[in-house]
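The values are calculated or read from the model by the stated rules, or taken from the named source; none is laboratory data. Values in this document were obtained by computation on a predicted structure and should not be read as measured data. Quick reminder, even Gly has a Cβ in these numbers, built from the backbone with ideal geometry, and neighbours come from all protein chains shown.
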Amino acid sequence: MENRSLVTIADHSREKIMYLIRMGQQFEQHPNRLLLQGKVVATLFFEPSTRTRLSFETAANRLGARVIGFADPKVTSGTKGETLKDTIMMVSNYADIIVMRHYLEGAARYASEIAPVPIINAGDGANQHPSQTMLDLYTIYQTQGTLDNLNIFLVGDLKYGRTVHSLLMAMRHFNPTFHFIAPDELAMPDSYKAYCKEHNIQYVEHKKFDADIISEADILYMTRVQRERFTDLMEYERVKDRYLLKLPMLAKARENMKILHPLPRVNEIEYSIDDDPHAYYFQQARNGLFARQALICDALGITLEQVQNDTTII
Ligand code: CP
């Protein structure tokens, strides 16, 4: 049987990404339907989340599915010693699809190999966050009218930021130029730079972060320094406030430039920027609903054509 899990965005072709964007656009037009009536979606969050879990659950609810799961592993039998394997096998008895966030890199891959139902990776450690990338791609397409030939600036924690790792891989189909801006301690890992070379993705590394640098950007993708991934909290304290976006730094920004952030924000974007027309992170988070409706449907074998011809719109 075909495995319809989503573990990494690297598995998706350009055509598949555009297909999912078109499906998301259908849901943006009509988010409330009964397309998933009778289905059960499980959300298993072994790590904290606000947006990812709630938007997946909203996506399922707005399509008529029922949702089970947990937001805190401390309330599960994992505390009694139950393994991830047994948890996944049990939940597969109850749900048609599992959305899972886990602190271990590779946990979603492992789950997808043992589960009889599709797994959607909602973030595995510092590795990948493919559903975030689908909403990022959706948002970039929405704001730029294309995914091709864009200047994308990634700022902040490029070492532990799983959203930038996934985005970088997905963009290999679209001839981007990436600009990496990070403290040395949080630089883009060599493995991802090697990935860029292997796939002819251009990238430039910067240390400065000012109006002149930002003037080249189509997308300015800010990220939070991931405190929870540090073993040395003194190092976190040293780097946590290194790159803060302030309003005057947008003075030379291109008209089309949009500021994205996967959120939560801690101290990367001044609140005064929220009302600036370049700020787009709250709309980006809203798009998570439509992108995740598309991902759930796709994992359950529902096609774009079925969504286009859907007669269950409420
Ligand atoms: N962007 C994101 O993953 O946010 P949450 O951690 O709140 O789910």
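Please work out which residue is farthest from residue 129 (Cα to Cα), limiting yourself to the stretch 58-73 and to residues that are crowded, with 20+ Cβ neighbours inside 10 Å and within 15 Å of the ligand (Cβ to nearest atom). Looking at the filtered set, the residue picked out is 69. Of the strands (runs of 3 or more DSSP E) lying entirely inside the stretch 133-208, not one carries at least 3 residues that are at pLDDT 95 or above and within 20 Å of residue 105 (Cβ to Cβ). Could you tell me whether any residue of the stretch 38-48 is within 16 Å of the ligand (Cβ to nearest atom) and in a helix (DSSP H, G or I)? No, the stretch 38-48 has no match at all. Take the stretch 224-245 and flag every residue that is surrounded by 12 or more Cβ atoms within 10 Å (Cβ to Cβ) and not in a helix (DSSP H, G or I). Scanning the stretch 224-245 gives 224, 225, 226, 230, 240, 242, 243, 244, 245. Could you check, for the stretch 126-140, whether at least one of its residues is charged (D, E, K, R), within 30 Å of residue 92 (Cβ to Cβ) and touching a residue at least 40 places away in the same chain (Cβ under 8 Å)? Within the stretch 126-140 (the criterion being charged (D, E, K, R), within 30 Å of residue 92 (Cβ to Cβ) and touching a residue at least 40 places away in the same chain (Cβ under 8 Å)), the answer is yes, since at least one residue qualifies. Name the residue that is farthest from residue 185 (Cα to Cα), counting only residues in the stretch 195-238 that are of a type in the set (Val, Ile, Thr) and free of Cβ contacts under 8 Å to residues at least 60 places away in the same chain. That would be 201. Selection of the stretch 27-45 for residues being buried (at least 21 other Cβ atoms within 10 Å of the Cβ) and either within 17 Å of the chain's Cα centre (by Cα) or in contact (Cβ under 8 Å) with a residue 60 or more places away in the chain (or both) yields 27, 35, 36, 41, 43, 44. Among the residues making up the stretch 74-103, a single one is surrounded by fewer than 17 Cβ atoms within 10 Å (Cβ to Cβ) and within 16 Å of the ligand (Cβ to nearest atom): 103. Considering only residues in the stretch 243-285 that are within 17 Å of residue 213 (Cβ to Cβ) and β-branched (Val, Ile, Thr), the one that is farthest from the ligand (Cβ to nearest atom) turns out to be 273. Within the stretch 114-126, work out how many residues are surrounded by fewer than 24 Cβ atoms within 10 Å (Cβ to Cβ) and either part of a helix (DSSP H, G or I) or within 13 Å of the ligand (Cβ to nearest atom) (or both). Number satisfying all stated conditions: 3.
Residues in the stretch 179-215 that are closer than 22 Å to residue 256 by Cα and small (Gly, Ala, Ser) were compared, and the one that is farthest from the chain's Cα centre (by Cα) is 211. Checked against (1) more than 16 Å from the ligand (Cβ to nearest atom); (2) not in a loop (DSSP other than H, G, I, E, B), residue 301 passes all but a single condition, namely (2).
Please indicate, with yes or no, whether at least one residue in the stretch 136-150 is within 30 Å of residue 256 (Cα to Cα), of a type in the set (D, E, K, R) and away from the ligand (no atom under 13 Å from the Cβ). The answer is yes, given that some residue of the stretch 136-150 is within 30 Å of residue 256 (Cα to Cα), of a type in the set (D, E, K, R) and away from the ligand (no atom under 13 Å from the Cβ). Looking for something surrounded by 19 or more Cβ atoms within 10 Å (Cβ to Cβ) and closer than 20 Å to residue 103 by Cα - is there at least one such residue anywhere in the stretch 9-18? Among the residues of the stretch 9-18, at least one is surrounded by 19 or more Cβ atoms within 10 Å (Cβ to Cβ) and closer than 20 Å to residue 103 by Cα, which makes the answer yes.
Only residues that are more than 12 Å from residue 133 (Cβ to Cβ) and basic (Lys, Arg) were counted across the stretch 156-171, and they come to 1. For the stretch 72-95, a residue qualifies if it is in contact with a Phe, Trp or Tyr (Cβ under 9 Å, 6 or more places away or on another chain) and not in a helix (DSSP H, G or I), and the qualifying residues are 72, 76.
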